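Trainee: Quick one: this structure, given as structure tokens, is what I'll be asking you about.
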Amino acid sequence: MTDSTPFMGHDAILDLIAGMADVLRRHLDARGLADPAIIGIHTGGAWVADALNHRLGLDQPTGLLDISFYRDDFTQIGVNPQVRPSKIDFDIDGRNIVLVDDVLQTGRTIRAAMNEIFDFGRPQSITLVTLIERSGRELPIQPDVIGLSPPLTDGDHIKLDGPDPLRLEIFHGPRAGR
């Protein structure tokens, strides 16, 4: 049996994203990464990416990745892909990309997203931003900007729902939130 607990509501998430935008701006400036383009991973990462794009005042539209064809763990997580088209309306080659996901755990989603990005072109750099970071990494992937690292147990899963209103819920129990 799985039960859920509300963790964070819309206004708190928007405040968190505002703080992330400030940290991201400083990160990009410190590394000299001009003219970034933001790409969000479907679905929650895209919602966070849109909010960051707006907060940073970028002229470039937010790109959207659906990494369903690029995942390597369908059999383990029981996913039947409902593939949606990725939408990147800008040239990737030589660009400083900000890749945004909602929850980073194993790193497999990010690996899949980077594989797809490279199918579009060769970026100059990729900066990883995640709303929630949690333990359980299976691949050596680290975010550059993190919104929050909540203390979760091994049986807990956290999920961003939205887009309006945005809300985070923690699911408890076996295969929670999947």
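Trainee: Once both axes come from the Cα atoms, what is the angle between helix 108-120 and the longest principal axis of the chain, in degrees from 0 to 90, rounded to 10?
Mentor: Once rounded, the angle reads 30 degrees.
Trainee: Can you run phi through the Karplus equation (6.51, -1.76, 1.60; θ = phi - 60°) for the stretch 146-159 and list ³J(HN,Hα) in whole Hz, with x for Gly and Pro?
Mentor: Running phi through 6.51 cos²θ - 1.76 cosθ + 1.60 with θ = phi - 60° gives 10, x, 7, 10, x, x, 10, 7, 4, x, 8, 9, 10, 9 Hz.
Trainee: For a quick check: with amide H placed at 1.01 Å from N, whose amide H comes under 5 Å from L33's, ignoring anything fewer than 5 positions away on the same chain?
Mentor: Placed amide hydrogens put nothing under 5 Å from L33.
Trainee: I would also like to ask the following. Can you put K87, K159 in order of Cβ neighbours within 10 angstrom, beginning with the fewest?
Mentor: On the way: K87 14, K159 18.
If I rank by nearby Cβ atoms, fewest first, I get K87, K159.
Trainee: Between the helical axis of 10-31 and the dominant principal axis of the chain, each derived from Cα atoms, what acute angle in degrees is found, rounded to the nearest 10?
Mentor: Approximately 40 degrees, to the nearest ten.
Trainee: Calculate how many DSSP beta bridges within the chain are antiparallel, expressed in % of all such bridges and rounded to the nearest 5.
Mentor: Values: 12 of 31 bridges.
The antiparallel proportion sits near 40 percent.
Trainee: While we're on this one: I'm checking a number: the convex hull volume of the Cα atoms of the stretch 3-154, normalised per residue, in Å³. What is it? Don't skip to the end; give the middle numbers.
Mentor: Details: hull volume 18.8 nm³, N = 152.
Once divided by residue count, the hull of the stretch 3-154 is 124 Å³.
Trainee: Follow-up question, since we're still on this one. Using Cβ counts within 10 Å as a stand-in for footprinting exposure, how do L24, L152 rank, fewest first? Don't jump to the answer; show the numbers that get you there.
Mentor: Working: L24 23, L152 17.
The fewest-first ordering by Cβ neighbours comes to L152, L24.
Trainee: Same structure, new question: Mind listing the phi-derived Karplus ³J(HN,Hα) values for the stretch 86-102, rounded to whole Hz, using 6.51, -1.76 and 1.60 with θ = phi - 60°, and x for any glycine or proline?
Mentor: Per residue, the Karplus-derived 3J(HN,Hα) values read 6, 9, 10, 9, 8, 6, 7, 3, x, 8, 8, 9, 10, 9, 10, 10, 7 Hz.
Trainee: While we're looking at this one, here's another question. With everything on Cα atoms, drop me the angle between helix 44-56 and the longest principal axis of the chain, reported from 0 to 90° to the nearest 10.
Mentor: Approximately 40 degrees, to the nearest ten.
Trainee: Using unit Cβ charges (K, R positive; D, E negative) and no other charged atoms, how large, in debye to the nearest 20, is the dipole of the chain about its Cα centre? Let's see the in-between values first.
Mentor: Working: 17 positive and 26 negative charges, 58 e Å.
That gives the chain a dipole magnitude of about 280 debye.
Trainee: Then there is this: Residue-wise, which Karplus ³J(HN,Hα) couplings in Hz belong to the stretch 126-140, taking 6.51 cos²θ - 1.76 cosθ + 1.60, θ = phi - 60°, and x for glycine or proline?
Mentor: Result, rounded to whole Hz: 10, 9, 9, 10, 9, 5, 10, 10, 9, 6, x, 4, 10, 10, x.
Since every read-out is calculated from the coordinates, none of them should be taken as a lab result. Quantities reported herein were computed from a predicted structural model and do not represent experimental measurements. Reconstructed Cβ throughout: ideal geometry from the backbone, glycine too, with neighbour counts over all protein chains shown.
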